[in-house]
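Here is the structure we will look at.
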Amino acid sequence: MNYLIFDNEIHYSTGDKTGHIPLAEINSILSGATKEAMVAVIDSQQQLVPAPEKDISKRDDILAASFPEQYITQAEHAGNNLYQVVAIEKTKISEIYQYLGFDNVKLVIPYAVAVRAFLGKNNLLSEDKTVVFLDHLGTHILLTFFGQVAFTTPRRLQVGKRVVSELRRSQENYRNLEKREGDFGFFVVSNSHDLVDEIVAAGVETRNDVAYIDEQYAALKGLKESKFSMHFLLPEQLLKIRKFKAAKRRFFSLGVCGGLLALFLGFFSVLHGMNRATLAKLTQKYIERENISEKLKTSYAGKYKDIIAKKSRIVFPKMLNSFLNSVPKECGVETVTINKLNNGLYRFEGVTYLESKDRLFSPLDLSGLFKDAKRENVLVRESPGERILLDIYVETEQPGQ
């Protein structure tokens with residue numbers, strides 16, 4: 001893997017080699033067995049954007065609109081309903097992929113994100129002070145502020161005596177922009193020993209508030225040793241990846257389903273061969289039970305038809321037939337009653353339950369005479385069941401008619 005800081009010149013770490021070369025000569029360091037690269041981009045813009053965490057659609061719309069269309073953005077959580085949106089110009093991202101090739105670029109992140117990862121891994125981020133990192137890259141120095149919530153765009157400084165005065169001025173500007181109540185200090189970190197000594201000698205910071213690190217490329221070290229949640233892609237590349245992932249998921253789902261089906265069929269074949277006799281007996285028992293159930297239903301219906309026919313001249317037999325015919329095969333009838341409530345008013349009540357333990361309970365499909373019936377879920381013989389209630393008014397025959 002190759003690790004690059006992408007700018008007008010390239011700072012790189014490839015295998016055992018580190019250094020910097022002009023951008024036009026980038027292929028000279030990528031001519032080995034692998035051209036894969038992780039890239040840190042110096043030029044980025046940041047801003048803190050309030051957005052609702054729970055309303056994901058609204059949040060995404062707000063974050064996407066925080067920069068103009070010529071930028072590609074990524075966002076990271078910075079506090080309660082607060083996000084830091086980081087943006088890199090689309091032309092810069094396009095330039096990276098043109099130089100390196102889309103398949104070779106494994107990660108593109110801002111330089112400041114890579115440096116922040118390095119500082120955090122080495123316990124150089126402070127909870128009560130703002131960290132200022134002065135990165136001496138040989139030809140110039142990058143100055144970046146890392147606050148408790150966000151970081152700033154790296155500022156380029158020329159190597160020379162004005163670095164300390166520019167640091168002092170940048171600190172004052174940062175204080176004014178933050179508008180934080182009370183005093184807050186800075187902790188300066190640099191990979192230049194001479195620069196650290198100059199800062200202390202000029203009285204900008206005390207010796208306790210500066211630190212020297214022996215690391216030529218902190219950003220590249222951060223790229224190597226850390227994992228990142230952001231990756232900058234061109235919109236057309238992102239669309240291509242999404243289509244590929246969707247196709248991969250469909251293919252994987254088909255493969256899994258096919259594999260499970262083959263496994264099931266194989267298992268079923270073995271099981272069927274081993275238990276053919278038992279299966280035949282179970283099937284016979286099931287058929288016998290179904291026949292007995294049908295006979296009981298028929299007998300039950302005949303019995304109630306006789307009773308009802310003797311007591312009334314109304315259509316109760318037809319009603320009973322309609323009810324029994326609507327009972328699913330897997331269900332049994334617990335009770336059927338027709339009670340007279342008062343003069344001309346009758347109440348039909350039927351209770352069914354699930355007989356077959358290996359099947360799902362199906363509600364009765366009631367229509368016609370029972371379209372206005374009331375349904376109640378009940379438990380019968382430790383099985384799910386249903387109670388059907390229907391009140392019927394029947395005109396009684398007057399004497400002499």
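The values are calculated or read from the model by the stated rules, or taken from the named source; none is laboratory data. Please read all numbers here as calculations on a predicted model, not as lab measurements. Backbone-built Cβ (ideal geometry, glycine too); neighbour counts: all protein chains shown.
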Within segment 212-230, the residues that are more than 18 Å from residue 138 (Cα to Cα), of a type in the set (A, V, I, L, M) and surrounded by 16 or more Cβ atoms within 10 Å (Cβ to Cβ) are 223
Qualifying position, being outside any loop (DSSP other than H, G, I, E, B), crowded, with 18+ Cβ neighbours inside 10 Å and assigned by TED's automatic domain parsing to the domain that holds residue 106, among 195, 177:
195
So how many residues does segment 152-174 have that are closer than 18 Å to residue 212 by Cβ and assigned to a helix (DSSP H, G or I)?
3
For segment 1-31, give me each residue that is under 15 Å from residue 101 (Cβ atoms) and surrounded by fewer than 13 Cβ atoms within 10 Å (Cβ to Cβ).
27, 31
Within segment 126-151, count every residue that is over 30 Å from the mean Cα position of the chain (by Cα) and in a loop (DSSP other than H, G, I, E, B).
7
Out of the residues in segment 145-172 that are over 16 Å from residue 133 (Cβ atoms) and of a type in the set (S, T, N, Q), which is modelled with the highest pLDDT?
165
Answer yes or no as to whether residue 42 is of a type in the set (Val, Ile, Thr), assigned by TED's automatic domain parsing to the domain that holds residue 99 and without any contact (Cβ under 8 Å) to a residue 60 or more places away in the chain.
no
Has segment 315-326 got any residue that is of a type in the set (Ser, Thr, Tyr), outside any helix (DSSP H, G or I) and modelled with pLDDT of 80 or more?
yes
